[in-house]
Amino acid sequence: MRFWDDKLKIEPIYLINFLAKNGFQRFKYDDKELKPNIIQQVDNKLNPFNEHNLLLFCCNYVKKHEFEDKSVVLNNLVKGTNLLTNRSLTALPEFNSSILRDTSSSSYFPFKNGVVEVKSNSISLNKYGEFEKFVWEKHIIDHDVKVLSLNKTLETSVFYKFLKDICESSLSHEASRNRYERLISMLGYLMHNYRDKSNSKSIIFMDDKIDGNPNGGTGKGILLDAIDKLRKVTKIDGKSLDLNQRFAFQQVELDTEIVQFDDVERNFNFEKLFPAITEGVSVEKKGKDKILIPFEKSPKIAITTNYAINGSGSSHRRRKLEFDLTSYYSDKYSPYDKFNHLFFQDWDTEQWNSFYNLMLHITRFYLKNDIVEYNSEILEAKHVLNETSQCFVEFVKKIKIGVTYNKNELYKKYVEAYKEKDAISPNRFTKYLKSLAEIKGKKYSEGHSNSDYYFEIR
């Protein structure tokens, strides 16, 4: 099918018909969008396209055909700056079918040999013909999956052993199990791409050290790398990130399912992410119009950091789920040192299959159990450190909930113990106590008798 006339001139209507014949359509996130996004549909698979790729597609088509003056058509195509503009492309048919997306009770993972449906009580492999909905081609996992039982998966998966390692607790076996279930419920939450405004969180992975120093190599990045094998993760450098910039989300694409802010700094402004977590993501690329991805289609948010994220009020707590990885692994002892191979690079087909099955079972665990709660003294101490000082973190281990203290006497004890390291005023000491109460999710109350002031955290 040609999109040029006998004089080798590109005819806009011929070009639109050519593109439509090859599956190109307009794709809208919502009815408010004025300018189209372009996708190509081939069978039940979809691919996003931009103007550059559209031009490349047309040029390749011309190059495949033998005829005289081919170079003239190519030249006219390249010179025709108005041929593939938003205005011209609005003449394409609109994509009105449904894209395969998770529901509140099911999660779907497209593999080469079919779509795996995960529910709270089952994992099943279905043929593509059994689904009338469409999938993003980039989301199809390049593996012929064989569904394994949970026991078989745990026996054969090295990644399961890695997850157990980073959850190991010195307190008890029960504490380690609680940490493991907390972690896999958070991973399952990320892999379940259904969006629920009543349960919209950001996932935050950090180290368990509370000394205020960065500690790399614990495995935070590996967790997101693992999810990226099943869901499309767009990674944004947290060190250079400025959420005040218009183009902060410019790397986000139509098919992005998770945005990872990698290695954010101590002073990261978490509040700037509130709209992206609970309302949707605004994407503006340089030279392009802004696109608002509505909440129900927006990617989830994940953060890796060496520090506790600032903010401890209720608005912060209801928007984040945190997990502190133990220091089983470090820059001096890596998973390679233990398993003698590189994850994701040195695996054979069987190891990949065990890994995928583990992630499927993790998703099933989340659908059945939701987010598992747990209390971490380390996480609490890291947040206290953010708002106070290292000396205060050590000192408040003695303060108990529901006990009334003489604030004057407690302040004197603090000054005597830390006067050379952390000389603070009475007002700052009070501010520290109030921060402690807020981080614990408790109330700070104060009273006085004559010249003595008393307080209680309850």
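Could you rank the peptides 353-366, 96-109, 326-339 by their average count of other C-beta atoms within 10 Å per residue, with the highest value first?
353-366, 96-109, 326-339
Kindly rank 397-405, 87-95, 185-193, 113-121 from highest to lowest mean number of other beta carbons found within 10 Å of each residue.
Ranked from most to least packed, the peptides come out as 185-193, 113-121, 87-95, 397-405.
Per-residue HN-Hα couplings for region 367-373, Karplus 6.51 cos²θ - 1.76 cosθ + 1.60 at θ = phi - 60°, whole Hz, x for Gly and Pro?
Those phi angles translate into 4, 7, 10, 6, 6, 7, 7 Hz.
Let me check the size of region 12-106 from its C-alpha atoms; what are the radius of gyration and Dmax in Å?
15.5, 58
Relative contact order for region 388-457: what percent, with Cα pairs under 8 Å and sequence separation of 6 or more?
43
Where does helix 12-21 land angle-wise versus the long Cα axis of the chain, in degrees 0 to 90, nearest 10?
With rounding to tens, the tilt is 70 degrees.
Report the percentage of all Cα-Cα pairs in region 388-457 whose separation exceeds 17 Å, rounded to a whole percent.
Of all Cα-Cα distances in region 388-457, 37 percent exceed 17 Å.
Using the Karplus equation 6.51 cos²θ - 1.76 cosθ + 1.60 (θ = phi - 60°), what ³J(HN,Hα) coupling, rounded to whole Hz, does each residue of region 63-75 give in order, writing x for Gly and Pro?
Per residue, the Karplus-derived 3J(HN,Hα) values read 5, 6, 9, 8, 7, 5, 6, 4, 5, 5, 4, 4, 5 Hz.
Once the convex hull of the C-alpha atoms of region 100-183 is built, how many Å³ does it hold per residue, rounded to a whole number?
Roughly 129 Å³ of hull volume per residue.
Rounded to the nearest 10 degrees, what's the angle between the helix 173-191 long axis and the longest principal axis of the chain, both from Cα atoms, 0 to 90?
Result, in degrees: 30.
Just round it to a whole percent: the fraction of Cα-Cα distances in region 340-458 exceeding 23 Å.
51
Restricting to DSSP H runs of at least four residues, report the calculated mean residue ellipticity at 222 nm for the chain, -39500 (n - 2.57) per run over all residues, nearest 500 deg cm²/dmol.
Only helices count here, giving -10000 deg cm²/dmol.
Given (i) 4, 18, 26, 28, 19, 5, 0, 0; (ii) 4, 17, 23, 22, 16, 10, 5, 2, 1, 0, 0; (iii) 4, 22, 33, 26, 12, 2, 0 as candidate values of P(r) over Cα pairs in 10 Å bins from 0, in percent, which corresponds to the one derived from the coordinates?
After the calculation, the listed value that fits is (ii).
For region 299-399, divide the Cα radius of gyration by the Kirkwood radius and give the resulting Rg/Rh value with two decimals.
Rounded to two decimals, Rg over Rh is 1.05.
In percent, what relative contact order does the chain have, based on Cα pairs under 8 Å that are 6 or more apart in sequence?
Result for the chain is 15 percent.
For a label point 7 Å from the Cα of Arg246 along Cα→C-beta, name the residues of region 267-307 whose backbone N is under 15 Å from it.
Inside the label zone: 282-292.
Once phi is turned into θ = phi - 60°, what whole-Hz ³J(HN,Hα) does the Karplus curve with 6.51, -1.76 and 1.60 give for every residue of region 277-292, x standing for Gly and Pro?
Coupling constants for region 277-292: 6, 10, 10, x, 10, 9, 10, 10, 9, 4, x, 10, 7, 5, 10, 9 Hz.
Would you grab the residues whose amide H sits under 5 Å from the one on Val145? Only those 5+ places off in sequence or on another chain, please, with H modelled 1.01 Å from N.
Under 5 Å from the amide H of Val145 lie the amide H atoms of Lys112, Asn113, each far enough along the sequence or on another chain.
Which whole-angstrom value gives the distance between the alpha carbon centres of region 411-441 and region 148-166?
One Cα centre to the other: 45 Å.
Relative contact order, percent, of region 154-375 when contacts are C-alpha pairs under 8 Å separated by at least 6 residues?
Contact order relative to length: 35 percent.
What is the helix-to-structure angle for 426-439, meaning the angle in degrees between its Cα long axis and the longest Cα principal axis of the chain, kept from 0 to 90 and rounded to the nearest 10?
Once rounded, one gets 50 degrees.
Check which residues have an amide H placed less than 5 Å from Leu100's amide H, if you skip close sequence neighbours.
Answer set, sorted by chain and number: Phe134, Val135.
Taking amide H positions as placed 1.01 Å from N in the peptide plane, with prolines and chain starts having none, which residues 5 or more places from Ser202, or on another chain, fall under 5 Å of its amide H?
Those qualifying (amide H under 5 Å, at least 5 residues apart or on another chain) are Lys320, Leu321.
Could you calculate the FRET efficiency of Glu155 with Glu130 from 1/(1 + (r/R0)^6), where r is the beta carbon distance between them and R0 is 22 Å, rounded to 0.05?
It comes out at approximately 0.15.
Using a Förster radius of 22 Å, what is the FRET efficiency between Glu265 and Asp228 based on their Cβ-Cβ separation? Nearest 0.05, please.
Efficiency, rounded to the nearest 0.05: 0.45.
Coordinate-derived values only; no laboratory data. If you're wondering where the values come from, they're calculated on a predicted model, not measured in any experiment. Quick reminder, even Gly has a Cβ in these numbers, built from the backbone with ideal geometry, and neighbours come from all protein chains shown.
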